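Note sheet for the following structure.
Please treat every number below as a calculation from the coordinates, not as lab data. Everything numeric here is computed off the predicted structure, so don't read it as measured data. Cβ coordinates were reconstructed from backbone atoms using ideal geometry, including for glycine residues, and neighbour counts include every protein chain displayed.
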Amino acid sequence: MELQTLATPSSLTLWWEKPEDAVRGETYKVLLSGQPSIETKVTHASFAHLAPEASLHAKVMRNHVLLGEADIVLPALPRKRLVTDFGAKGDGQTLNTHAIQAAIDALSPGDELVIPSGTFLTGALRLHSHMSLYLEEGAVLQGTERPEDYLPKIPSRFEGIEMMCFQSLLNLGHMDHTSPANCEDVLIHGPGTLSGGGQALALNIIASERVRLQAEIEALGDKIKEYENNNTIPGRARGRLINLSNCRNIRISGLTLRNGAAWNMHMLYSRGIVTDHCTFYSEGVWNGDGWDPDSSENCTLFGCTFHTGDDSVAIKSGKNPDGNIINLPTRHIRIFDCVSEYGLGIAIGSEMSGGVEDVRIWDCDLEHSLYGVQIKGTKKRGGYVRNVHVSDSILSRFLTCAVLYNDDGEGSAVPPRFSDIHLKRVHLTGWARNYWEKEEHAMAAIDLSGFDVPGYEASDITCEECTLGKDTGISLSHTKNIRLDIAQHD
């Protein structure tokens, strides 16, 4: 088994894939040369207060059997630059966009920009390759609520359609689905907070876009019913909290991520993105997703907690017709040891026209979510979702389903395919937390549905050693090759 390593000059985090036969709560022993061993019941461990440039050897043991090992050399200490040295003020009132951007632009490869304690008001910022950004305890990088602070617009993709969008609070890379990565090796970390303009910024952008798009919206007539609501078209131009486009080897660690104008983290045409030990807050923000890999590969999320105004995680790969034409899948996604305290849970789709495959979720607590884990698409999407594994987790529900919203755009000639989906040692409570009222209601714990076209049923779905909460149901339609091994529990 390959041992994954995430190193800073003074710390090391290790993570590994859960063995097929391991159950939740098993103990792993992690050994690092020169350090006391760590015993952990999750599939990651962190060591702090290490010496820069140290050469280390790490091992992970399970039941006295070696699972994996790795040799690591920690990086050297970076040259640190304080943002206040460039004139930025953490008084919560001074607009610091130019001062902070000047500090970022002045960084040489390997340098780290430090945001000290205080509230630093800013508009959009652009990071570059081979740098790090550190937010100290008490530091808040606070985005404004004014749309003009996120101009000029940049190429992006929102809900599966490439378009010009307002910039995000932090922007990395330039979007181009025909090109390789153009931003790499960036670390954004620390105990501080990235806070966007939230719903106020979202509404201000929608108001400005509604004026610009008035003729287009009026020309739609009754076709506006194919959209989610009347804010959908002007709302698509919103930026995110963090935008990663055409990026590679980016880590975001330890932060509080709060109140993007739409999604909080969006990884587009990117690979090797790791997010760990972060807390996401976006209650009350429309489309306030937490973590969204979009036509991206090898993205990893662990040790995070979500209080989100939409999906905690939304795995995407484009929307008809753009997604079918660009045809870049999202694959090799790993999500483990995460908790949803409020929100919809983990979604795959509905924008999945480029395909989604090889998604593994383990040791997660999604009991307090509306959907638990949901695989969804519209009949027009095309594409596929396959090779999805969920294990050793608590879910409110598990669903594969067709949805009717966000259904504009020329459709694919065929419906999507949902297949090769496996649950193992999963407890499904059958009680879903109402997203708006925060009340819990009994619902079907398992609701599986494909599409009403022969050959496009949801297929090859198994539940092995799973348990249901009391008085919960199972709903099956347009499915085939379903195998359920389920016990009933209070």
(request) Could you please rank CYS463, CYS299, placing first whichever residue has the fewest other Cβ atoms within 10 Å of its Cβ? (result) CYS463, CYS299
(request) Be a star and scan the range 391-405 for residues whose amide nitrogen sits under 19 Å from the point 7 Å along the Cα-to-Cβ vector of GLN488. (result) 397-398
(request) Please compute the net charge surrounding LEU187, taking Lys and Arg as +1 and Asp and Glu as -1 over other residues with Cβ under 9 Å from its Cβ. (result) -1
(message) Under 25 °C and 0.890 mPa s, how fast does the range 4-73 diffuse according to Stokes-Einstein, given a Kirkwood radius computed over C-alpha pairs? Answer in µm²/s, whole number.
(response) 199
(request) Give the order of THR330, THR40, THR429 when sorted by the count of other beta carbons within 10 angstrom, beginning with the fewest. (result) THR40, THR429, THR330
(message) What distance in nm lies between label points placed 7 Å from Cα along the C-beta direction at ALA413 and THR5?
(response) 5.0
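Regarding the range 345-444, what's the average projected area of the Cα-atom convex hull, expressed in nm²?
The orientation-averaged projected area of the Cα hull of the range 345-444 comes to 6.4 nm².
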(request) Would you indicate which of [x] 69, 64, 42; [y] 74, 58, 36; [z] 62, 53, 38 is the value of Cα extents along the principal axes in Å derived from the coordinates of this structure? (result) [x]
(message) Only sites in a loop by DSSP and with at most 12 other Cβ atoms within 10 Å count here; which trypsin sites (Lys or Arg not before Pro) in the range 1-97 make the cut?
(response) LYS41, ARG79
(message) What number do you get for the range 194-240 when its Cα radius of gyration is normalised by 2.2 N^0.38 Å, N = residues?
(response) 1.24
(message) If R₀ is 45 angstrom, what is the calculated FRET efficiency for the pair SER108 and MET164, using the beta carbon separation as r and rounding to 0.05?
(response) 0.90
(request) Under a cut-off of 29 Å between alpha-carbon atoms, report the lysines in cross-link reach of LYS29, not counting same-chain residues fewer than 8 places apart. (result) LYS18, LYS41, LYS59, LYS424
(request) Please work out the FRET efficiency for the pair ASN229 and ARG146, using the Cβ-Cβ distance as r and a Förster radius of 22 Å; give the result to the nearest 0.05. (result) 0.35
(message) Starting from the 7 Å offset along Cα-to-Cβ, what nm value, one decimal, do you get for the label separation of LYS438 and SER37?
(response) 4.4
(request) Please give, to one decimal in nm, the separation of the simple spin-label points placed at LEU220 and VAL453, each 7 Å out from Cα toward the Cβ. (result) 2.4
(request) Starting from the Cα of LYS153, draw a straight line to each of the lysines and keep only those under 28 Å, dropping any in the same chain fewer than 8 residues away. (result) LYS89, LYS223, LYS225, LYS316, LYS319
(message) What aspartates and glutamates does LYS80 reach when the alpha-carbon gap must be under 18 Å and sequence neighbours fewer than 8 apart in one chain are set aside?
(response) GLU53, ASP105, ASP111, GLU112, GLU136, GLU137, ASP185
